[in-house]
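The values are calculated or read from the model by the stated rules, or taken from the named source; none is laboratory data. These numbers were taken from a predicted model, which means no experiment stands behind them. Note that we place each Cβ from the backbone using ideal geometry, even for glycine, and neighbour counts take in every protein chain shown.
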Amino acid sequence: MKKTLIAATAAAFSLTMFTGAASAEGTLEAVKKKGFIQCGVSTGLPGFSNPDSKGNWKGLDVDVCRAVAAAVLGDSEKVKYTPLTAKERFTALQSGEIDILSRNTTWTQTRDTSLGLNFAGVNYYDGQGFMVSKNLGVKSALELDGAAVCIQAGTTTELNLADYFRENKMSYDPVTFDTSDQTVKGFEAGRCDVLTSDQSQLYALRIKLAKPESAMVLPEVISKEPLGPVVRQGDDGWFNVVKWTLFAAVNAEELGLTADSVEAALKGSNPGVLRLIGAEGNLGENLGLSKDWAYNVIAQTGNYGEWFERNVGADSPLKIARGLNALWSKGGIMYAPPVR
Ligand SMILES: N[C@@H](CCC(=O)N[C@@H](CS)C(=O)NCC(=O)O)C(=O)O
């Protein structure tokens, strides 16, 4: 009797575990059922996730969510956005409040292994930098001993800053804020001598200043910040969808497929192209998606290069060079495994 009870308890326990995993695995199904993706973004960061004058969210991180909506629901507009501060972002994903976190979030070992979350890839290779007022007359970060530093709480930025100053035997006075708006205002109000964040964000924040030309970005890049979308651990179906949506956009760029050219490509003869856009075979099936999943991503959001240029590159106010984010075949490190 006792043995049976233990066995029954064990069975119930493993069932609970299984049910837990099964429900956690259901984001793809849940998204299909509700008909939209709940996407966690920043509170406002030009180029990455920022509402335009009509309140429509725009940016490279927003495009990841739009692309996943195109892949899963055939409609890139089926996304709802949850603005999150750096401190709030992981809890929002863990609790199920959002389906995907796409908010300039650095992939680190601690985050990947201790939060019950998985990074699904990298949509921007970044590194941490410093911005100072030109009046300060500083040309290098190594001249910042004793500086007051404006910084955002709950970020890798805080940790790298501590490492950098310690390594270079310098001291600093942290002035911490919760949102990028507050951080910029603090910098403008002279609460600090220097603002530090991911370098891409320095360019984004600089254009938020009343007088952008009064500030400059110092040459040092003190860390690696691979930024990418995050999902819950134990949700492999959803993880695959997000990961391969990103890969599809990168592969599309490599294959020369753009939002404008993808329709004509359906009648082309390149086997790799035909496979990616579902004109031959059905690689959507393994993902639980329709065969035109990648076609929809490209037709509705463009390829990775198009995401980059319109949001942060030459066609945007930020004008960031492709650099590390160029394709591996063009001198960068943006690389996606093959769709086959
Ligand atoms: N990539 C770093 C930094 C992310 C971060 O939150 N940076 C601030 C820099 S200003 C930001 O983007 N804030 C946007 C917001 O306030 O919503 C991380 O993952 O910790």
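Brief remarks on what is shown
- The residue that is farthest from LYS211 (Cα to Cα), among those in the range 127-155 that are hydrophobic (A, V, I, L, M, F, W, C) and away from the ligand (no atom under 16 Å from the Cβ), is LEU142.
- No other residue among LEU195, LEU227, LEU218 is touching a strand residue (DSSP E or B) at 6+ places or on another chain (Cβ under 6 Å) and closer than 24 Å to ALA294 by Cα apart from LEU227.
- Residue list for the range 156-212, restricted to those being in contact with a helix residue (DSSP H, G or I) (Cβ under 9 Å, 6 or more places away or on another chain), within 11 Å of the ligand (Cβ to nearest atom) and in a loop (DSSP other than H, G, I, E, B): LYS208
- Number of positions in the range 64-88 that are within 16 Å of the ligand (Cβ to nearest atom) and in a helix (DSSP H, G or I): 2
- Set side by side, the residues ALA252, ALA259, ALA248, ALA264 differ, and just one is in the same structural domain as LEU45 (by TED's automatic domain parsing) and not in a helix (DSSP H, G or I), which is ALA259.
- Unmet criterion (only one of (1) among the β-branched types (Val, Ile, Thr); (2) in contact with a Gly (Cβ under 8 Å, 6 or more places away or on another chain); (3) within 16 Å of the ligand (Cβ to nearest atom)) for VAL241: (3)
- Qualifying residues in the range 184-230 (those that are aliphatic (A, V, I, L, M) and surrounded by fewer than 18 Cβ atoms within 10 Å (Cβ to Cβ)) - the one modelled with the lowest pLDDT: ILE207
- Scanning the range 89-108 for residues that are assigned to a loop (DSSP other than H, G, I, E, B), touching a Ser or Thr at 6+ places or on another chain (Cβ under 8 Å) and either more than 12 Å from the ligand (Cβ to nearest atom) or small (Gly, Ala, Ser) (or both) yields GLU97, ILE98, ASP99, SER102.
- Just one residue in the set GLY146, GLY129, GLY121, GLY116 is at positive phi, modelled with pLDDT of 95 or more and surrounded by 17 or more Cβ atoms within 10 Å (Cβ to Cβ); that residue is GLY121.
- Matching residues in the range 246-290 - criterion: being touching a helix residue (DSSP H, G or I) at 6+ places or on another chain (Cβ under 8 Å), without any contact (Cβ under 8 Å) to a residue 40 or more places away in the chain and of a type in the set (D, E, K, R): GLU263, GLU280
- Against the test of being hydrophobic (A, V, I, L, M, F, W, C), under 28 Å from GLY40 (Cβ atoms) and surrounded by fewer than 19 Cβ atoms within 10 Å (Cβ to Cβ), the options ALA249, ALA294, ALA326, ALA279 yield a single qualifying residue, ALA326.
- Residue count, the range 30-63 (criterion: assigned to a loop (DSSP other than H, G, I, E, B) and either in contact with a Cys (Cβ under 8 Å, 6 or more places away or on another chain) or within 12 Å of the ligand (Cβ to nearest atom) (or both)): 7
- Filter pass, LEU195 being within 24 Å of LYS319 (Cα to Cα) and among the aliphatic types (A, V, I, L, M): yes
- Selection status of GLY305, touching a residue at least 24 places away in the same chain (Cβ under 8 Å), closer than 19 Å to LYS58 by Cβ and touching an Asp or Glu at 6+ places or on another chain (Cβ under 6 Å): yes
- Count - residues of the range 213-224 that are among the charged types (D, E, K, R), more than 13 Å from the ligand (Cβ to nearest atom) and not in a helix (DSSP H, G or I): 1
- Among the candidates ASP52, ASP75, ASP63, residue that is among the acidic types (Asp, Glu) and surrounded by 24 or more Cβ atoms within 10 Å (Cβ to Cβ): ASP63
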